[in-house]
1. Which percent of Cα-Cα pairs in the stretch 230-307 sits in each 10 Å bin, short to long?
2. Hand me the tally of lysine pairs in the chain: alpha carbons under 23 angstrom apart, and the pair either on different chains or 8 or more positions apart.
3. Can you tell me what the convex hull of the Cα atoms of the stretch 353-502 projects to on average, as an area in nm²?
4. Using the Karplus curve 6.51 cos²θ - 1.76 cosθ + 1.60 with θ = phi - 60°, work out ³J(HN,Hα) for each residue of the stretch 105-113 in order, rounded to whole Hz, and write x for Gly and Pro.
5. For the stretch 386-461, how big is the tail of P(r) above 16 Å, as a whole percent of Cα pairs?
6. Could you pull out every residue, at least 5 positions away or on a different chain, whose amide H is within less than 5 Å of the one on His139? Hs are placed 1.01 Å off N in the peptide plane, and Pro or chain starts have none.
7. Packing-wise, with mean Cβ within 10 Å as the measure, how do 309-316, 3-10, 197-204 rank, highest first?
8. List, in order, the whole-Hz ³J(HN,Hα) value for each residue of the stretch 353-370 obtained from phi through the Karplus relation with A = 6.51, B = -1.76, C = 1.60 and θ = phi - 60°; use x for Gly and Pro.
Amino acid sequence: LKATGGKLNIFADNPKLVRIAAFPLNIMIQPRVAPAFADCGIDSRPGSDALALIHRHLPEAVPTPVRRGPLDGGITQVGLFAFDADATAMAEAQGATDDMPLRSWFEDAGILVSRSTPGTEPLFSAAFKGGHNGEHHNHNDVGSFVIAVEGTAFLLDPGGEVYTRRTFSPQRYVSKVLNSYGHPVPIVAGTLQKTGSAARAQVLAADFSADTDRLLLSLKDAYAVPQLTRLERLFENHREAHTMVIEDRVAFSSPQAFGTALVTYERVFQRPDGTVVVFAAEGAVEVAVETTGGDWVTEIEEIENPGRPSPKRLGFNLVAPAREASIRFTIRPVPLAADLPGVYVAPEVGPGFEPDLDAALTVEGEAFSQQEGGDVTVCSKVGASGQAFKFWDQPGHALTWTFTVPASGRYAIQVRACQDNSTDTSRTVLVDGRPAAVPGPTVFFPRTGGWSSTADDWRDLYLAVGGKALVAELDAGKHTVTLLAEVKGGLNLDWIRLVPLR
């Protein structure tokens, strides 16, 4: 276009090019989540420079101006190509993925991206893949899917592995990340999916409306199992009910083994009623499981993935062979619950727990009266009242604060803390040198998103176990509160309080 002085414009009047250019946004499940199908990485997303270039020439594909990253010389780099930047087209904007349609349906590829109704909370969206097993950078993944809530893919396709010689050799599908074992798809009569374009999902129904998206696929052709007479996978997104359904229905000419799977990088907890909760610091999804065809068992294992995080495979398998069977997953976003291990749940203020904050006794975090097993660094932190401290992260490191209690009564313990660990962060609580409860309580702290180094990441928390506040019966006089790190995990503290209860 530039070389010909605008005479040759391959961007003009080309509807197919517009559809191609819109793909980076249309494949996104949510603004920060794309499905990691085939060799994609789980953090893949369109680059701002590419979107800015598309917006400049095909604004109908990317209608919102995109802020591009600063590059020397005003050059936009897209793949192997460099282009002069157009500052007016790169104006700061809300972001190209703010307003996403209800769905993107790639009919030829058999991929459905089904999203929440705009304006509803939480964002609850999914991508569901049909396709075939002869695609570029193929994985044996017919029927795979990703389900995300507010920017976290709780159930997912694990994406590609770190490339090795094996990746592009005849042994490619030895890898459990590349063969169907590491994907959320069935295992039929002990057999994984076959490779090649003949292993193809057939679209039996594709019904879309404002409230419900429904896709029904036959996965039968993906398995070389002579006894298999039917294998259907149903996907439904019920927007108003905030519910996703994945159901597998299988039939054989003679009894055979059958199982299916969910895959996640997050934590998993199975309740006594069989409900599965997949959770992270940001939230959780609950999976209700309904089965027919006999008894089922659940098996959880990690899939080896050298050089990258190992995904967890939640296998759901028939105990005995069956001629017909079904398994239905009903998936909903849920708040973090008190029974989840390692999770902080704030106690509810109300009858039985009515703290009087106006009468609280506060000691600054850095004003501890005793320290054992380590040395914190007292420093300034964004948003702190006075100073705070850091480097409280090693096992055996205990800090003690002394309070003078004016009146006997019941007291809750409140802290202002921040942390951004990827693993559980906990402390054991001692009052006057003794466990604050029997057995000695381990309290967990939520991930607040940072260490208050460049932004205010503090959060006010009542120390609690299982959603119930720790309460100490104290006489008037001097008392100590000790927090002991028994496992590795940093925690920054601004202040600590004793709060009398009404």
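1. P(r) for the stretch 230-307, in whole percents per bin: 12, 41, 35, 11, 1.
2. Lysine pairs, 8 or more places apart or on different chains, close enough: 15.
3. The number I arrive at for the stretch 353-502 is 8.3 nm².
4. So the J values, rounded to whole Hz, are 10, 9, 4, 5, 7, x, 10, 10, 10.
5. Numbers: 1717 of 2850 pairs.
For the stretch 386-461, the share of Cα pairs beyond 16 Å comes to 60 percent.
6. Amide H neighbours of His139: Ala38.
7. Most protected by this proxy first, the peptides run 309-316, 197-204, 3-10.
8. 8, 10, x, 9, 5, 5, 9, 5, 9, 10, 10, 4, x, 6, 8, 5, 8, 7
The values are calculated or read from the model by the stated rules, or taken from the named source; none is laboratory data. All figures in this text were calculated on a predicted structure; none of them were measured in a lab. Note: ideal-geometry Cβ built from the backbone for every residue, glycine included; neighbour counts use all protein chains shown. SASA here: full protein model, heavy atoms, side chains in, ligands and nucleic acids out. Shrake-Rupley method; radii C 1.70, N 1.55, O 1.52, S 1.80 Å.
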